[in-house]
1. Can you pull out every residue in the stretch 195-212 that is part of a loop (DSSP other than H, G, I, E, B) and buried (at least 16 other Cβ atoms within 10 Å of the Cβ)?
2. Kindly evaluate residue 71 against the criterion of being loosely packed, with under 14 Cβ neighbours inside 10 Å and either at pLDDT below 95 or on the phi < 0 side of the Ramachandran plot (or both).
3. Name the single residue, out of those in the stretch 161-194 being assigned to a strand (DSSP E or B) and free of Cβ contacts under 8 Å to residues at least 60 places away in the same chain, that is surrounded by the fewest Cβ atoms within 10 Å (Cβ to Cβ).
4. Tell me yes or no: at least one residue of the stretch 196-203 is more than 18 Å from residue 100 (Cα to Cα) and either touching a residue at least 40 places away in the same chain (Cβ under 8 Å) or over 14 Å from the mean Cα position of the chain (by Cα) (or both).
5. Which residue, of 133, 119, is at pLDDT below 95 and closer than 21 Å to residue 84 by Cβ?
6. Tell me the residue from 158, 144 that is without any contact (Cβ under 8 Å) to a residue 40 or more places away in the chain and not in a loop (DSSP other than H, G, I, E, B), please.
7. Could you say whether any residue in the stretch 52-60 is in a loop (DSSP other than H, G, I, E, B) and at pLDDT below 85?
8. Taking the residues in the stretch 106-129 that are part of a loop (DSSP other than H, G, I, E, B) and under 15 Å from the mean Cα position of the chain (by Cα) as candidates, determine which candidate is nearest to residue 214 (Cα to Cα).
């Protein structure tokens with residue numbers, strides 16, 4: 001075999017051997033048995049099913065409703081009840097560069113998302129946070145305004161369809177399967193965020209250099225009519 005041929009083969013092998021992403025192992029972020037390692041934020045009910053699937057639902061019991069008797073209610077009262085979000089966050093808050101795999105099922109008209117680097121843990125958008133101190137950031141708003149939200153939504157007609165880096169890069173349409181399980185792969189790097197939906201590139205963005213490079217990972221229940229299912233949540237952290 002010619003030396004030049006051997007060298008060309010080595011050039012293909014060596015980059016794979018030294019790539020940080022390929023040198024790390026995948027780990028389950030959700031164990032499929034309990035919410036160990038996760039923190040419920042807001043009025044969400046998170047249930048681990050017998051098959052290891054994670055079901056997120058919103059509360060509709062009377063104590064959480066501002067509705068008076070008798071009806072009708074005002075538009076302001078309805079919006080106050082509808083709008084606060086609910087989240088499920090990892091207890092760990094220092095995820096930096098990583099690959100995250102999530103499989104999700106969103107119902108018709110559903111709305112959800114995955115947040116990364118949100119150091120506020122949804123502080124400004126959930127009802128009754130009861131946090132002792134404000135989050136360590138000057139930014140305010142939803143997790144998409146403090147960290148980043150990877151959009152999950154039923155409709156391809158949305159400004160930011162599923163797979164979008166919400167507010168930064170609109171995702172490619174036609175990738176999500178309606179009323180079926182979908183897979184979301186998020187590459188979080190210091191210099192970019194890249195999202196694949198069902199193994200196809202949906203969106204990528206360099207993000208905002210002023211925002212945190214690390215933070216927890218969150219799963220969203222968008223409003224009082226939301227429910228969503230997740231499974232096979234695993235992560236591969238990139239150590240350089």
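1. Here is the first cut: in the stretch 195-212, the residues part of a loop (DSSP other than H, G, I, E, B) are 198-199, 206-212.
Hits for the stretch 195-212 are 198, 207, 211, 212.
2. On the way: loosely packed, with under 14 Cβ neighbours inside 10 Å: yes; either at pLDDT below 95 or on the phi < 0 side of the Ramachandran plot (or both): yes.
In short, yes.
3. Residues of the stretch 161-194 assigned to a strand (DSSP E or B): 165, 169, 182-189, 192-194.
Next cut, free of Cβ contacts under 8 Å to residues at least 60 places away in the same chain only: 165, 169, 192, 194.
Values: 165: 26, 169: 19, 192: 12, 194: 17.
Out of the qualifying residues, it is 192.
4. Applying the first criterion (more than 18 Å from residue 100 (Cα to Cα)) to the stretch 196-203 yields none.
No, there is no match, as no residue in the stretch 196-203 is more than 18 Å from residue 100 (Cα to Cα) and either touching a residue at least 40 places away in the same chain (Cβ under 8 Å) or over 14 Å from the mean Cα position of the chain (by Cα) (or both).
5. On the way: 119 fails: at pLDDT below 95.
Exactly one of 133, 119 is at pLDDT below 95 and closer than 21 Å to residue 84 by Cβ, namely 133.
6. Values: 158 fails: not in a loop (DSSP other than H, G, I, E, B).
Only one candidate passes the filter, namely 144.
7. So in the stretch 52-60, the residues in a loop (DSSP other than H, G, I, E, B) come out as 52-53, 59-60.
Filter once more, so that each one left must be at pLDDT below 85: 59-60.
The answer is yes; a qualifying residue exists.
8. Residues of the stretch 106-129 that are part of a loop (DSSP other than H, G, I, E, B), as a first pass: 106-110, 117-129.
Now drop any that are not under 15 Å from the mean Cα position of the chain (by Cα), which leaves 106, 110, 117-122.
Values: 106: 27, 110: 28, 117: 5, 118: 8, 119: 8, 120: 12, 121: 12, 122: 15 Å.
Here the answer is 117.
The values are calculated or read from the model by the stated rules, or taken from the named source; none is laboratory data. Because the structure is predicted, anything quoted here is derived from the model rather than measured. Every residue, glycine as well, gets a Cβ built from its backbone with ideal geometry; the counts of neighbours run over all protein chains shown.
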